[in-house]
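The values are calculated or read from the model by the stated rules, or taken from the named source; none is laboratory data. Keep in mind that what you see is a predicted model, and the values were worked out from it rather than measured. No Cβ is skipped: glycine too gets one built from the backbone with ideal geometry, and neighbour counts run over all protein chains shown.
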Amino acid sequence: MSRCRIIKRLSSDGHEKFVIQQKHLLFRWQWVDAWINSLAGAACQDSFDSYQEAVDNLCYFDGSKSVDIVIFEKN
């Protein structure tokens, strides 16, 4: 699993976001917002309005594997 974390980012107007961060792909000592490492780039959603929402989406960034289940196959 790749290392990741959730940070709380507070803006100057008091609004808070919870952001998923990962270690940078090249500079492994540096933490970056997950969209920087994503092939989708800025289209990747890595910030959320609640901590629980961020936790629920952490599986997309921590290296968890998805499972493919064949539902129908015709030969």
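A few comments on the model shown:
- Residues in segment 22-38 that are within 12 Å of the chain's Cα centre (by Cα) and free of Cβ contacts under 8 Å to residues at least 24 places away in the same chain: 23, 32, 33, 35, 36, 37, 38.
- Among residues of segment 8-21, those that are part of a strand (DSSP E or B) and over 11 Å from the mean Cα position of the chain (by Cα), counted: 5
- If only residues of segment 54-75 that are surrounded by 14 or more Cβ atoms within 10 Å (Cβ to Cβ) and not in a loop (DSSP other than H, G, I, E, B) are counted, the one that is modelled with the highest pLDDT is 54.
- Filter result for residue 51 (at pLDDT 90 or above and surrounded by 11 or more Cβ atoms within 10 Å (Cβ to Cβ)): yes
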